[in-house]
Amino acid sequence: AMAIGFLSYLRGDAVGSSGWIARAGRLLSGLPECVEHGYLRSLEIDDAIAESDWERAIAAARRVQDMANQYDDRTLHSAGLVGEGVALVKQGSVTDGLAVIDEAMIAVRAGEVAPEWAGNFYCQVMALCHELVDPRRAREWTDATERWCGQFTSAAMFAGICRVHQAQLRQFGGEW
């Protein structure tokens, strides 16, 4: 249920995503804590960021990292780090936030993170670089994402967003 909810979210189906995630929460309710609870909790990071509640986002991200360490899950650990990094950047701690994001992306670049999550992390990092008007970092992450997409035969969802980020880079450089 969580996987379907997350994929629905990535595809822009907010209603379908919400239903599947609610189902995942209901199925996990009352069960002893497990790694799936961490994935459910990781969504709290995005909610807090959307509400500009940086402290709550950072706290949720660190809890997710703790859970990831407990269950030895690289994907979940990267989710916590990316969330913490984004919240720190948006809070105004840009240098610290980017350092946390760079750490998160080590596992992504090494192929240790589930592809659907890796694509989402690449996208979040590229969007953040665009927001920061950091063309050097945006170029590096866009190039890395394109190489990553090249290993899949059906990365159309992520390849399309990469083209958007390429256009943004052309705007940065005055080429668009």
All but one of (1) under 20 Å from residue 7 (Cα atoms); (2) touching a Lys or Arg at 6+ places or on another chain (Cβ under 6 Å); (3) in a helix (DSSP H, G or I) hold for residue 112; which doesn't? (3)
Positions within segment 122-154 being among the polar types (S, T, N, Q), assigned to a helix (DSSP H, G or I) and open to solvent by 40 Å² or more (accessible area, probe 1.4 Å), in sequence order: 124
Of the residues 98, 7, which single one is of a type outside the set (D, E, K, R), open to solvent by less than 60 Å² (accessible area, probe 1.4 Å) and closer than 14 Å to residue 128 by Cβ? 98
Residue pairs meeting the criteria (Cβ under 7 Å; at least 6 apart or on separate chains; first in contact (Cβ under 8 Å) with a residue 12 or more places away in the chain and open to solvent by less than 80 Å² (accessible area, probe 1.4 Å), in segment 25-47; second of a type in the set (Ser, Thr, Tyr) and part of a helix (DSSP H, G or I)): 35/71; 38/71
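Here are some residues: 107, 118, 99, 61. Which one is within 14 Å of the chain's Cα centre (by Cα) and at pLDDT 95 or above?
On the way: 107 fails: at pLDDT 95 or above; 118 fails: at pLDDT 95 or above; 99 fails: within 14 Å of the chain's Cα centre (by Cα).
After ruling out the rest, the residue left standing is 61.
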Does segment 111-121 contain at least one residue that is within 21 Å of residue 54 (Cβ to Cβ) and either touching a residue at least 12 places away in the same chain (Cβ under 8 Å) or surrounded by fewer than 17 Cβ atoms within 10 Å (Cβ to Cβ) (or both)? yes
When residue 52 is evaluated against the numbered criteria (1) among the small types (Gly, Ala, Ser); (2) under 17 Å from the mean Cα position of the chain (by Cα); (3) part of a helix (DSSP H, G or I), which criterion, by number, is the only one it fails? (3)
Just the residues that are surrounded by fewer than 21 Cβ atoms within 10 Å (Cβ to Cβ) and of a type outside the set (Val, Ile, Thr), please, taken from segment 74-95. 74, 90, 91, 92, 93
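The values are calculated or read from the model by the stated rules, or taken from the named source; none is laboratory data. In this text the structure is predicted, and so the values were computed from the model without any measurement. Cβ: placed from backbone, ideal geometry, glycine included. Neighbour counts: every protein chain shown. Ligands, DNA and RNA are stripped out before the accessible areas are found, and what is left, the full protein with its side chains, is counted by its heavy atoms. Shrake-Rupley method; radii C 1.70, N 1.55, O 1.52, S 1.80 Å.
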